[in-house]
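Peer 1: First the structure, then my questions, so here it is.
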Number of protein chains: 4
Amino acid sequence: MKAWVIADNFGIENLRIVERAEPQPGPGQVVVAARAVSLNYRDLLVTRGAYNPRMPLPRIPCSDGAGEVTAIGPGVSRVKVGDRVAGTFFQKWIVGELTEATARSTLGGDIDGMLAERVLLSDEGVVPYPEHLSFEEAATLPCAALTAWNALIGGHLKAGDSVLVQGTGGVSIFALQLAKLMGANVLVTSSSDEKLARAKELGADAGLNYRSNPDWEKWCRSETGGVGVDHVVEVGGAGTLERSFKAVRIAGHIALIGVLSGAGGTINPLPILMRSICVRGIFVGSRAMFEAMNRAIAQSRLRPVIDRTFAFDQFPDALRHMERGAHFGKIVVKI
Amino acid sequence: MKAWVIADNFGIENLRIVERAEPQPGPGQVVVAARAVSLNYRDLLVTRGAYNPRMPLPRIPCSDGAGEVTAIGPGVSRVKVGDRVAGTFFQKWIVGELTEATARSTLGGDIDGMLAERVLLSDEGVVPYPEHLSFEEAATLPCAALTAWNALIGGHLKAGDSVLVQGTGGVSIFALQLAKLMGANVLVTSSSDEKLARAKELGADAGLNYRSNPDWEKWCRSETGGVGVDHVVEVGGAGTLERSFKAVRIAGHIALIGVLSGAGGTINPLPILMRSICVRGIFVGSRAMFEAMNRAIAQSRLRPVIDRTFAFDQFPDALRHMERGAHFGKIVVKI
Amino acid sequence: MKAWVIADNFGIENLRIVERAEPQPGPGQVVVAARAVSLNYRDLLVTRGAYNPRMPLPRIPCSDGAGEVTAIGPGVSRVKVGDRVAGTFFQKWIVGELTEATARSTLGGDIDGMLAERVLLSDEGVVPYPEHLSFEEAATLPCAALTAWNALIGGHLKAGDSVLVQGTGGVSIFALQLAKLMGANVLVTSSSDEKLARAKELGADAGLNYRSNPDWEKWCRSETGGVGVDHVVEVGGAGTLERSFKAVRIAGHIALIGVLSGAGGTINPLPILMRSICVRGIFVGSRAMFEAMNRAIAQSRLRPVIDRTFAFDQFPDALRHMERGAHFGKIVVKI
Amino acid sequence: MKAWVIADNFGIENLRIVERAEPQPGPGQVVVAARAVSLNYRDLLVTRGAYNPRMPLPRIPCSDGAGEVTAIGPGVSRVKVGDRVAGTFFQKWIVGELTEATARSTLGGDIDGMLAERVLLSDEGVVPYPEHLSFEEAATLPCAALTAWNALIGGHLKAGDSVLVQGTGGVSIFALQLAKLMGANVLVTSSSDEKLARAKELGADAGLNYRSNPDWEKWCRSETGGVGVDHVVEVGGAGTLERSFKAVRIAGHIALIGVLSGAGGTINPLPILMRSICVRGIFVGSRAMFEAMNRAIAQSRLRPVIDRTFAFDQFPDALRHMERGAHFGKIVVKI
């Protein structure tokens, strides 16, 4: 069976399609015929070697994928052959809080990922997904959707709360969609009026082009009666966090998710205490959260937004598409 | 100015319209020209003397009303003349938990209620309401809507959760509407197929006629994959609670709100512990909850369901309409 | 190896010591040489057939025990031979909420219990315990201590809160000790002045003999400035719950744990809503809670209170001692 | 009556004792004869003009004080003449979350503070304190003790959790004492072995001299089995926060309180997300929290640690004593 690997060295140019032996499920294991994967910014960092420069190579990339169970090992009862499932980002984070032990089980990072024709997973590391979704749509859930869910649910968002969503990448669009189905007031920023228009079609209550209006923290305040938003889904990191401290209300909540503006930046933390802000680091989520999210997605018949679908052998093109940052929603590779 | 009072004795037959002096606002007080009140089952119990047989008479009934501020006393800054406001059920429960002291401040119970042309209230005891609502619609919020909100929010309902709503009275219909805007899966029971059809128009996901199918606890389980619902909005009291213990999932949540089936019944509490159930008594809610709910109602443009509107002098007819129990949503009296 | 079983029929008189084959650990299993078990009221109900009349016989009784790991099966990494461990009441409830599936895994109920020389358990179903405890002391933790912990922690008890503990049985004494190490104000009732004196030695702040002063709900109020206690650890069930409704403050918390006053009684639930009470059913707790409790016990060097220790062949005498209800703390059987 | 004021300009050298008219209580106001104030680092910043350079002068400094009610205005029922009370840091933050409106009511900042013979306060802005405390001890509670309480309670600290307390200033010593009465495992750092010895007398479980061992984040991990502490009470700010990110466990909690290491520093926020940390800004606390803390202090008979007491006219010396940073616990000025 075929798989993509980061081969001898990091870098998009070192990605190779290789032939691997068919995986055989041991006790408590399942084989999933992956049918689609979706890309996250992390996959780009992993491929470049920026995520973990000491990661052993070769490694199969991509944390997020969905497919069909084709074989199960002894003692497996959670799923059966023919079930349609997604893999879980953390293979060992089942429920409760993340721990040192469960953190080191990420697909496409600590262990081989989903970008292969057949993938060997723990039976505890797969999740049935809502029936109305295609393989491509289901492949977008494990990291991006779950991160957005954790950001909102973990921040105790309730109907009527206001949420700032930064940009229109994968996590942000899911945050928009999920916040809307929870009854929230969603504000979106973007560098593009066209993307803002599409965000409004998805339910956004207000949008701001931060190219033409860079002071988005003031806009957040004026859109909320001067108070500031209840929640920020912060994907920019150090480059945007100081503005987010001003955009959020006193005693508000910032879900710190991404570092799209760069991993090395620094910020002055003083406003956190002066404004009683809660900054909560979000690292995807547990399988129990995934299952809860799936119930909400099934209930609302939410459809993930797919920017573009690439063929299996176009994976490097898909990564470069992500690199350009012009996408709206998720980038998918069919297998 | 005119007001309805429970006059010399309890009973619908002892309700009288009386002439009262125009109220003058002292420090921290406001006068509200009430334009509509809505009825709750409690108003019927109060009128009959069943709620508090030692309540001093005469008393102006009705906890829930909305109107316009016509005068403010010294030091009032929360509202101004011309503001459209609803009164708060508890005049003193502002935020946090209910206490002995704040509990004894209920309109139409501990003190005179809203069924008068002009009402004197604390400026802490009024709340601006969403602008898209009429006086009649706003009058339905203080008790019924807020009770439903507290039942759901206080139970940490999240999108994708399942909720059983019993019947189609005021609280139940609000619970249905609010749970839907939070992304929940809502099951409704009723004695009438026609009412079930209307509940589905309001968004109910499933309905059961408990006349033809009295085993609604089994239906709740079958609708939830055998697990039971996450939440029950329990308005029946002792007459339905034991079934609710079976309808709810293990470790599920029952918001105990009403005793429509009678105040004297008893139940065996054993399933609470055997099934790790959380039974939470709901007594309307605080002003802070009211304000949070109003944001959600404004955001979703939810419209309260009014069963029927009566003229001021038809108040006893309105109570008798409630007594018959055939209503769907709220009963309103215009002033 | 030897084991006690409820043999052909239920009843203390049908308990037998039998010879069983030495258990061999399969994948993910461990063998524990049990060195002590402690008794719970549930063990008495199980033995009598009152807990589950359809339980298949013979069955090894007793949920709570501690011992030493003597063998581990393939793939076991949580513990090693020589570790001192307690079994978990629910073999499958690891973390998060109890579910239908995890609930059906109780030792000495759904499956064989701990009253045997060697016990075969899932490696997920054992927990290392604080080093300062003896086998006898550790054997008291799995059900009684964890139930008390869950009652207090799950009710968000904080330092300075007041707690009513009913009587001086196993759960109640643990609730007293644990509440004290959390900084709470603990009120204890008992039928015996001598037991009250011992409770005060363990830290109880106040005690009432309910024989001489049956109106303990009034005493709770007077001890708390008329307000009522913040928490009730309710072990009596229907026979005491209505008084507890009056003993607890408005918006207070009742952890419903036991039915020592009988399983068939009924109560009027009306005060739950009129006083905004939260009644939460407690069914022991998860392994994660057990681990958290162990940290607190290790930190405080809490020592469980053992009423009396019986030899292995005196198990029926130990049950009869429990039946008489005169104990203070836990009854233990050495193996 | 006499009062200290920051007179024409900021700076310790511009502090003056002035004569002011006796305050007269209006409706809802009380006069408190202040008998002691305690100093916080904020008072030093306020005096220097570093806290709010635009603060109108003259201003009476000091947020924290205790005394006796000597007069009450019309409508006051919360306290009576002769009651011993402390002022609340925020005069308007009663309960619930801090808001923009309630934040602008700080004593010795937004309005005149407690360093005067008689102080005019809102009756909502005073709190009776535990009877076992002297005026000097009670004066230490409003800011330092409440900040520590909020840091711990708001982080859901439970018995058995581990807490890192940085240094031995006022907030840190209260955090140590309060965490101990909640059953926690407390680690303390200090630049002085003698202070560490005193911290251990107060209950600290372990101490590290960060002068001789600057890698205190490694020590935190080694003291917690390699996991990291559950909570950090972070008083250093930017200068220590990056080490705290390494000292805390995955998914742990950092209460961000102070900026003793300077207000201008910056940090890289990346570990917040990579380690799922929750960083919560703490700005003292509400009156409801103060009342809850007082119950815990009364229950445990905790005694605040007073470093040194100065006479009224020595206030500048007291500030300079704080400036040197050699104190252990609180600095008090008697009035």
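The values are calculated or read from the model by the stated rules, or taken from the named source; none is laboratory data. Note that the structure is predicted; figures quoted are calculated from it, not measured. Positions of Cβ are backbone-derived with ideal geometry, glycine not excepted, and every protein chain shown enters the neighbour counts. The area values use the complete protein model at the heavy-atom level, side chains included, leaving out ligands, DNA and RNA. Shrake-Rupley method; radii C 1.70, N 1.55, O 1.52, S 1.80 Å.
Peer 1: Where in the stretch C:22-57 are there trypsin sites (Lys or Arg not before Pro) that are in a DSSP coil and have at most 10 other Cβ atoms within 10 angstrom of their Cβ?
Peer 2: Within the stretch C:22-57, the qualifying trypsin sites (Lys or Arg not before Pro) (loop, at most 10 other Cβ atoms within 10 Å) are C:R54.
Peer 1: What ranking of D:S276, C:S134 comes out by heavy-atom accessible area, probe 1.4 Å, highest first?
Peer 2: Result of the area sort, largest leading: C:S134, D:S276.
Peer 1: Sticking with this structure for a sec: Please list, short to long, the whole-number percent of alpha-carbon pairs of chain D in consecutive 20 angstrom bins beginning at zero.
Peer 2: In whole percents, the pair-distance histogram is 33, 57, 10, 0.
Peer 1: I've got another one for you. Grab the beta carbon distance between A:I12 and A:S134, set R0 = 30 Å, and tell me the FRET efficiency rounded to 0.05.
Peer 2: Given R0 = 30 Å and the Cβ-Cβ separation, E is 0.65.
Peer 1: What span do the alpha-carbon atoms of the stretch B:1-157 cover on each of the three principal axes, reported in whole Å from largest to smallest?
Peer 2: For the stretch B:1-157, the Cα spread along each principal axis is 39, 37, 31 Å.
Peer 1: While we're on this one: Report the local net charge at B:S191: Lys and Arg +1, Asp and Glu -1, summed over other residues whose C-beta lies under 14 Å from its C-beta.
Peer 2: Local net charge: +2.
Peer 1: Something else: Can you give the Kirkwood hydrodynamic radius of the stretch D:33-106 from its Cα pairs, in Å with one decimal?
Peer 2: 14.3 Å
Peer 1: What is the stretch A:259-312 by shape, rounded, prolate or oblate, if you read a ≥ b ≥ c off the alpha carbon gyration tensor as root eigenvalues and call it rounded for a/c under 1.5, prolate for a/b larger than b/c, and oblate otherwise?
Peer 2: oblate
Peer 1: Compute the accessible area per residue over chain B, keeping the other protein chains in place, probe 1.4 Å, unit Å².
Peer 2: Value for chain B: 36 Å² per residue.
Peer 1: Would you mind checking which residues have amide H under 5 Å from B:A71's amide H? H placed 1.01 Å from N; only 5 or more apart, or other chain.
Peer 2: Close amide H contacts, sequence-distant or interchain: B:V31.
Peer 1: If you don't mind, another one. Pop the C-beta distance of C:R20 and C:R48 into the FRET formula with R0 = 25 Å and round what comes out to the nearest 0.05.
Peer 2: Approximately 0.60, to the nearest 0.05.
Peer 1: On average, how many beta carbons from a partner chain sit within 10 Å of the beta carbon of a residue in D:289-300?
Peer 2: The mean count of partner-chain Cβ atoms within 10 Å per residue comes to 4.
Peer 1: Sorted from largest to smallest, which semi-axis lengths in Å does the alpha carbon gyration tensor of the stretch D:222-270 give for its equivalent ellipsoid, taking the root of 5 times each eigenvalue?
Peer 2: 20, 10, 9
Peer 1: I would also like to ask the following. Where the eigenvalues come from the Cα gyration tensor of the stretch B:126-246, what are the semi-axes √(5λ) of the equivalent ellipsoid, largest first, in whole Å?
Peer 2: 25, 15, 13
Peer 1: Which Cα, out of A:A199, A:A255, A:G183, lies furthest along the positive dipole direction of the stretch A:183-291 (beta carbon charges, K/R +1, D/E -1)?
Peer 2: A:A255
Peer 1: If you take the beta carbon distance between D:K334 and D:A263 as r and set R0 to 30 Å, what does 1/(1 + (r/R0)^6) give as a FRET efficiency, to the nearest 0.05?
Peer 2: Once rounded, the FRET efficiency stands at 0.45.
Peer 1: Same structure, new question: Can you send over the carbon and sulfur percentage of the accessible area for the protein assembly as shown, probe radius 1.4 Å, protein chains only?
Peer 2: The computed percentage sits at 50.
Peer 1: To continue, here is another question. Summing -39500 (n - 2.57) over the DSSP H runs of n ≥ 4 in chain B and dividing by its residue number, what mean residue ellipticity at 222 nm do you reach, to the nearest 500 deg cm²/dmol?
Peer 2: For chain B, the value works out to -7500 deg cm²/dmol.
Peer 1: Once you put a point 7 Å from the Cα of B:S212 and another 7 Å from the Cα of A:D193, both along the Cβ direction, what distance in nm separates them?
Peer 2: 5.6 nm
Peer 1: Shifting gears a bit: Can you count the Lys pairs in chain B with C-alpha separation below 17 Å, eight or more apart or on different chains?
Peer 2: Lysine pairs meeting the criterion: 5.
Peer 1: Oh, and also: Can you pull out the trypsin sites (Lys or Arg not before Pro) in the stretch C:230-313 whose DSSP state is coil and whose Cβ has at most 16 other Cβ atoms within 10 Å?
Peer 2: In loop regions of the stretch C:230-313 (DSSP not H, G, I, E or B), the sparsely surrounded trypsin sites (Lys or Arg not before Pro) are C:R301.
Peer 1: Based on Cα coordinates alone, diagonalise the gyration tensor for the protein assembly as shown, multiply each eigenvalue by 5, take square roots, and list the semi-axes in whole Å, largest first.
Peer 2: Equivalent-ellipsoid dimensions as semi-axes: 45, 40, 38 Å.
Peer 1: Would you be so kind as to list the residues of the stretch D:67-110 that have their accessible area lowered by at least 20 Å² in the full protein complex compared with their chain by itself (1.4 Å probe)?
Peer 2: Buried-area filter returns D:V95, D:E97, D:L98, D:E100.
Peer 1: Here is a follow-up. Check the axis relating chain D to chain C and name the residue of D whose C-beta is nearest, distance in whole Å.
Peer 2: D:M182, 3
Peer 1: Which net charge results when you count Lys and Arg as +1 and Asp and Glu as -1 among the other residues whose beta-carbon is under 9 Å from that of D:F312?
Peer 2: It works out to a net charge of 0.
Peer 1: Right, something else. Report the accessible surface area buried between chains B and C, summing both sides, using a 1.4 Å probe on protein heavy atoms only, in Å² rounded to the nearest 100.
Peer 2: 2800 Å²
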